[in-house]
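Trainee: Take this structure first; my questions come after.
The values are calculated or read from the model by the stated rules, or taken from the named source; none is laboratory data. These numbers were taken from a predicted model, which means no experiment stands behind them. Backbone-built Cβ (ideal geometry, glycine too); neighbour counts: all protein chains shown.
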Amino acid sequence: MLRKCLKYDFKETFKLWWVGALTTLLSCIPMTLVMRIMTNNEDPSISDGTLLAIPLFFLVWFGMMIGTVISTLSVYIRYYRHFFGKEAYLTFTLPVKRSTLFTSKFMSAMFFTIFTYVILFVGLFSAVFLSEGGMGVFEAFENGFSSGLKSLIPAAMVGAVVTVVYGIFLTAVTAINVLSYFLIITFCGVYFKKYSLLAIIVAFYILGNFGSFVVALPLAGGFLAIFGVTGLVDANLISMGPIQLVLTVGAALLLVTIALTAINMLLAFLSNELLERKLNVS
Amino acid sequence: MTEQILNTEPILVCKDLCKSYKKNKPVLKDFNFCVEPGKITGLLGPNGCGKSTLLKLISGILVPDSGEILLCGQKRSEKSNALISYLPDSPYFSDGQKVENMLTYFADFYPDFDKTLALNMLGDLGIDPKARFRTLSKGTKEKAQLVLVMSRKARLYMLDEPLGGVDPAARDYILRTIIGNYSPDSAVIITTHLIADVEPALDDFAFMNYGGEILLSGNADETREEQGKSLDTLFREVFAC
């Protein structure tokens, strides 16, 4: 049954998700052009264009963010409509366990949220790459790997290790994001009934601000450490050797990931309990 | 012999069912109800007496405060949803969906769904399977939903106001469909205000009052004979304002 639920969740979520994803990707084209103008400062004939490019940059950036928000919200709209909208009459009369319905929503939400980020990053990096505005960052990042991590593992594996470690960590961060919002929708849907949508919007706004701050801390800390290891930040800023630093960052990431996983399990459990015991569709 | 026992076992048993939306205002209080196979039962009562609430409790979209629901001898669970074909009082389709997509959806989740039968019924009612729900009128949506529900080979059909938004010409077809499509192993519960329309189809009936109190119940033909009046007339007398 999970496979069937996933099929329909993917299909229905995609119907809205692609609009946001396409908006984000299309925004990369003007973003590239604007960044090209902004980075060509050496040519005096386009100085006026550079000035014009600044507000244009923010306009295109805004378009990109709108696309990302639409894509991100598509998974929550699907969750709300299917569990608390008129479709709930059909959803909860299917011969499917509520935990299976929830798992299917979670898996499709994770997929689409991660792909939303992937599209945003692909878009941004393409713009940076094509405009040649940020090549220095790429080179510095690549060169930076030569210090700490290379002392511990073969050079060819450095990129893969960083990707896997940060991939797991970012997946846990994404999961906590998805599950927190799922729990909010479930709680508001169960207890606020007619006013559930308003309650969800208010709660999303509050959690969005608070959550971004909380999530940003370990992310910023983690990236700072990695940049330190890779040489992007002056090693003197961090008073330890590169090997020690790699191990410390690795251990810290592992601990945070374990903690995030435990919180994720609790959030999923609470949502499931509410759906199982308290949900009254009316 | 085994088949005989299975056939006589009640399809639905509600024991001491209680449900309230607000404190001290029970919609159903110690409600007891039983439905046997091979019967079409009319659950008749005034607005707000708990008819729809009862069907929602049986279908699992509401959680009872206390009491027990048994379906074919088993306690209600997600598995029992496979035994029930439920028509709610309002359409549950997403407006962007096509009718044919819903047929595929039902066929995917319900192994007992007969897609050919559904397509034939849609054809009889003049509903285009390629139409999107947003383009259909309220009555046509209800017809399409009824087609989906009646195209299953379920043990218990629960129809909440199946004729409410449907034109009189289609009512006869729908009633013929209800009578013709269910097997002797299954049962049908119909809730409606249009008693005169459904009366010919009913085997049993129950007059339900506020709080889920059953005022009168029994075999429809026997009651009509004993009282010398139709269920519709009897209903008007019992619930006279």
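Trainee: Counting only residues that are under 20 Å from B:ILE40 (Cβ atoms) and in a strand (DSSP E or B), which one in segment B:71-86 is farthest from the other protein chains (Cβ to nearest Cβ)?
Mentor: Restricting to residues being under 20 Å from B:ILE40 (Cβ atoms) and in a strand (DSSP E or B), the top hit is B:LEU71.
Trainee: Also: Any residue at all in segment B:9-25 that is under 28 Å from B:ALA201 (Cβ atoms), touching a helix residue (DSSP H, G or I) at 6+ places or on another chain (Cβ under 6 Å), surrounded by 15 or more Cβ atoms within 10 Å (Cβ to Cβ) and of a type in the set (Val, Ile, Thr)?
Mentor: no
Trainee: Hey, another quick one. Which pairs do you get when a residue that is within 19 Å of B:ALA154 (Cα to Cα) and more than 8 Å from every other protein chain (Cβ to nearest Cβ), found in segment A:86-106, comes within reach of a residue that is surrounded by 20 or more Cβ atoms within 10 Å (Cβ to Cβ) and not basic (Lys, Arg), reach meaning Cβ atoms under 8 angstrom, with the pair 6+ apart or on two chains?
Mentor: From residues that are within 19 Å of B:ALA154 (Cα to Cα) and more than 8 Å from every other protein chain (Cβ to nearest Cβ), the pairs are A:THR91/A:HIS82; A:THR91/A:PHE83; A:THR91/A:LEU101.
Trainee: Would you call B:SER52 under 23 Å from B:LEU202 (Cβ atoms) and surrounded by 15 or more Cβ atoms within 10 Å (Cβ to Cβ)?
Mentor: In short, yes.
Trainee: Considering only segment B:58-70, state which residues are within 13 Å of chain A (Cβ to nearest Cβ) and outside any helix (DSSP H, G or I).
Mentor: Across segment B:58-70, the qualifying residues are B:GLY60, B:ILE61, B:LEU62, B:VAL63, B:PRO64, B:ASP65.
Trainee: Which members of segment B:174-191 meet the condition of being surrounded by 16 or more Cβ atoms within 10 Å (Cβ to Cβ) and not hydrophobic (A, V, I, L, M, F, W, C)?
Mentor: Correct list: B:THR177, B:ASN181, B:TYR182, B:SER186, B:THR191.
Trainee: Within segment A:10-38, work out how many residues are closer than 29 Å to B:GLU78 by Cα and more than 12 Å from chain B (Cβ to nearest Cβ).
Mentor: 3
Trainee: One residue is enough: does segment A:49-67 have a residue meeting the conditions touching a Ser or Thr at 6+ places or on another chain (Cβ under 9 Å), surrounded by 20 or more Cβ atoms within 10 Å (Cβ to Cβ), at pLDDT 85 or above and under 26 Å from A:ALA203 (Cβ atoms)?
Mentor: Among the residues of segment A:49-67, at least one is touching a Ser or Thr at 6+ places or on another chain (Cβ under 9 Å), surrounded by 20 or more Cβ atoms within 10 Å (Cβ to Cβ), at pLDDT 85 or above and under 26 Å from A:ALA203 (Cβ atoms), which makes the answer yes.
Trainee: Taking segment B:226-240, which residues are out of contact with any strand residue (DSSP E or B) (no Cβ under 8 Å at 6 or more places or on another chain), within 14 Å of B:LEU202 (Cβ to Cβ) and part of a helix (DSSP H, G or I)?
Mentor: B:ASP232
Trainee: Could you give me the residue pairs with C-beta distances under 8 Å whose first residue belongs to segment B:96-107 and is at the interface with chain A (Cβ under 9 Å from one of its Cβ atoms) and more than 10 Å from B:LEU122 (Cβ to Cβ), whose second residue is among the hydroxyl-bearing types (Ser, Thr, Tyr) and assigned to a helix (DSSP H, G or I) wherever it lies, and which are 6+ apart or on separate chains?
Mentor: Hits for this filter: B:TYR105/A:TYR8.
Trainee: Among the residues that make up segment B:68-80, is at least one of them under 20 Å from B:ALA206 (Cα atoms) and either surrounded by fewer than 20 Cβ atoms within 10 Å (Cβ to Cβ) or touching a Pro at 6+ places or on another chain (Cβ under 8 Å) (or both)?
Mentor: yes
Trainee: Same structure, new question: Being under 15 Å from A:ALA88 (Cα atoms) and among the charged types (D, E, K, R) is the filter; apply it to segment B:51-108 and report the residue that is modelled with the highest pLDDT.
Mentor: Only one residue fits best here, namely B:LYS56.
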